[in-house]
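The values are calculated or read from the model by the stated rules, or taken from the named source; none is laboratory data. Since we're looking at a predicted model, the values are computed, not measured. Note: ideal-geometry Cβ built from the backbone for every residue, glycine included; neighbour counts use all protein chains shown.
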Amino acid sequence: MKKFEYKKLSEIQKEKNDSDLTYADLLSTIEWREFRSKIINRDNGKCLKCGERNNQLAWWIDGPFEVFARLADDVEKKYLREDIILSSEHIILNVHHKYYIKGKYPWEYEQDSLMTGCSMCHTKIHDTEEILIYENENLENPKIVTKCNKCKGTGYLNEYQYHMNGICFGCNGKGILN
Ligand SMILES: [Zn+2]
Ligand SMILES: [Zn+2]
Ligand SMILES: [Zn+2]
């Protein structure tokens with residue numbers, strides 16, 4: 001399997017015409033990776049809905065059980081007296097666009113229009129909220145987008161984290177079909 005590698009947009013543009021660029025290509029850029037981590041840092045590395053943080057596979061027990069772990073933060077250390085927080089869920093933080101604007105790169109949005117959410121809350125947001133796509137910067141002509149049913153509009157597939165960083169192959173990470 002090819003290892004997922006972030007590249008500068010300009011490098012990808014050397015290999016592909018602009019019209020052939022997919023949203024997955026845009027999510028594979030160093031530009032997106034840097035913007036994304038800026039948003040996650042702004043949100044203190046937590047899901048804004050439930051407060052969860054990223055964790056990693058800690059160990060795998062024969063069968064369907066996997067255990068995920070992360071270091072406790074100061075508050076947890078103080079009140080829970082734990083250094084490590086275990087979970088049966090793999091928590092992966094996503095950065096959610098509250099709306100889209102046609103033709104904009106994913107890292108060109110106002111920071112206010114983005115939020116950090118764990119993959120579970122992110123799926124819930126897309127399940128319950130309509131996401132609009134605007135014609136232009138002035139937020140004119142909004143249309144409700146048709147969600148990709150594979151990733152429920154999130155653009156990511158948690159269970160395929162080890163392939164393409166989880167970018168949905170149903171919609172190429174766009175989350176929408178149109
Ligand atoms: Zn959450
Ligand atoms: Zn989203
Ligand atoms: Zn999808």
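Okay, here's what the table says:
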| item | result |
| --- | --- |
| Hey, Ile85 assigned to a strand (DSSP E or B) and either touching a Pro at 6+ places or on another chain (Cβ under 6 Å) or away from ligand 3 (no atom under 16 Å from the Cβ) (or both) or not | yes |
| Filter pass, Asn165 being at pLDDT below 90, more than 12 Å from ligand 2 (Cβ to nearest atom) and part of a helix (DSSP H, G or I) | yes |
| Residues of region 77-97 that turn out to be among the charged types (D, E, K, R) and within 16 Å of ligand 1 (Cβ to nearest atom), as a count | 1 |
| Residue list for region 2-34, filter: more than 19 Å from Cys168 (Cβ to Cβ) and either under 18 Å from the mean Cα position of the chain (by Cα) or aromatic (Phe, Trp, Tyr) (or both) | Lys7, Ile30, Glu31, Glu34 |
| Residue in region 110-123 that is more than 15 Å from ligand 2 (Cβ to nearest atom) and touching a Pro at 6+ places or on another chain (Cβ under 7 Å) present | no |
| Any hit, region 37-48, residues being of a type in the set (Val, Ile, Thr), at pLDDT 95 or above, touching a helix residue (DSSP H, G or I) at 6+ places or on another chain (Cβ under 9 Å) and away from ligand 3 (no atom under 16 Å from the Cβ) | yes |
| Residue within region 85-97 that is surrounded by 15 or more Cβ atoms within 10 Å (Cβ to Cβ) and of a type in the set (D, E, K, R) present | no |
